[in-house]
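Below is one structure, written out as structure tokens; comments come after it.
What follows draws every value from the coordinates through simple rules; no lab data is involved. Nothing here was measured: the structure is a model prediction, and the numbers come from that model.
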Amino acid sequence: MVLIIFPLLGLMAGLFLDGAPGAIWGAAAGFVLALAVSGVMTYGLVKASRRD
């Protein structure tokens, strides 16, 4: 769900602030942020499943 919401929010924010070029940059930034959040969540799940 994060992979859908963050790029859309970035797209809308970039479009509002800078027009079409800003929308592209905003969507890309949102996607990178979503990937980072997904990576942290995956790391947490793996770490929690490997408790010793």
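Relative to the longest principal axis of the Cα atoms of the chain, the long axis of helix 2-18 lies at roughly 30 degrees. For the chain, what does the relative contact order come out to in percent, with C-alpha contacts under 8 Å and a separation of six or more? That works out to 35 percent.
Rounded to the nearest 10 degrees, the inclination of helix 20-49 to the longest alpha-carbon principal axis of the chain is 10 degrees. The Kirkwood radius of segment 2-47, taken over pairs of alpha-carbon atoms, gives through the Stokes-Einstein law at 25 °C and 0.890 mPa s a diffusion coefficient of 231 µm² s⁻¹.
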